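Notes follow once the structure below has been shown.
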Amino acid sequence: VLLAAFLPNDAHVRDAEGFERSLHTGKKMLVQLAATIGRSSFEALRAYHELNRLLKAPMSPQLLPAIAAVREQVEQLIYPGFISRSPTKWLPHVERYLRAAVQRLEKLPGNLERDASRAAVAGRFWHAYEQARAGSAGDERLTEFRWMIEELRVSLFAQELGTSVKVSPERLDRLWKQLK
């Protein structure tokens, strides 16, 4: 909360004037940011708990590849320190990403082929992201790309939840080309 309030977007304070400006601006936002981050974190952890119950339930061996993909996704969303490491802009959406994963698992029986084809689309972008992340030092556009992949997953697996931004494989392809 303090970082988000006083040093938004990883701002660097270089002088006394910048410090005073950050302090003045941050004081105004502190309570609101604390409430927003607290609420977002609580909702994300509640959705995580629900998803975990589904992941621990007995399932058919045919569902294991999709379940493994969901587990991998969840590990990228919820981990020790996720609240401070998730960009303030995207933290409120983590709950929706987890709810989309819940819906994906609920729809999975009887939809294995469709799920696999949609997972391949999202997986292609995730693989590209991981490769780029290994060779990049915190590029803001790459971070944006990472969260757009989560929006794409919502669009592919739980469209009824809606996305926060317009997203499609074509849009991600264009964004990827810009990153390269």
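The values are calculated or read from the model by the stated rules, or taken from the named source; none is laboratory data. All values derive from a computational prediction rather than experimental measurement. Here the Cβ is made from the backbone with ideal geometry for all residues, glycine too, and neighbour counts use every protein chain on show. Ligands, DNA and RNA are excluded from the accessible area calculation, which covers all protein heavy atoms including side chains. Shrake-Rupley method; radii C 1.70, N 1.55, O 1.52, S 1.80 Å.
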Condition met for ALA116 (more than 14 Å from GLU151 (Cα to Cα), open to solvent by 40 Å² or more (accessible area, probe 1.4 Å) and hydrophobic (A, V, I, L, M, F, W, C)): yes
Cβ pairs under 8 Å, 6+ apart, first in the range 13-31 and more than 15 Å from LEU2 (Cβ to Cβ), second in a helix (DSSP H, G or I) and modelled with pLDDT under 85: none
Failed item, numbered, when TRP90 is tested on (1) touching a Ser or Thr at 6+ places or on another chain (Cβ under 9 Å); (2) under 19 Å from ARG174 (Cα atoms); (3) of a type outside the set (Asp, Glu): (2)
Residues satisfying the stated conditions in the range 142-180, i.e. in a helix (DSSP H, G or I), of a type outside the set (Ser, Thr, Tyr) and farther than 19 Å from ALA120 by Cβ: LEU142, GLU144, TRP147, GLU160, LEU161, ARG174, LYS177, GLN178, LEU179
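Considering ARG124, ARG133, which residue is open to solvent by 50 Å² or more (accessible area, probe 1.4 Å) and in contact with a Leu (Cβ under 8 Å, 6 or more places away or on another chain)? I'd like the intermediate steps shown before the answer.
Values: ARG124 fails: in contact with a Leu (Cβ under 8 Å, 6 or more places away or on another chain).
Answer to the check: ARG133.
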The lone exception for PRO65 - which of (1) modelled with pLDDT of 95 or more; (2) part of a helix (DSSP H, G or I); (3) of a type outside the set (A, V, I, L, M, F, W, C); (4) surrounded by fewer than 14 Cβ atoms within 10 Å (Cβ to Cβ) it fails: (1)
Count of the range 136-180 residues which are surrounded by fewer than 14 Cβ atoms within 10 Å (Cβ to Cβ) and among the acidic types (Asp, Glu): 5
Looking only at the range 84-101, and only at residues there that are among the hydrophobic types (A, V, I, L, M, F, W, C) and more than 11 Å from the chain's Cα centre (by Cα), the one that is nearest to HIS49 (Cα to Cα): ALA101
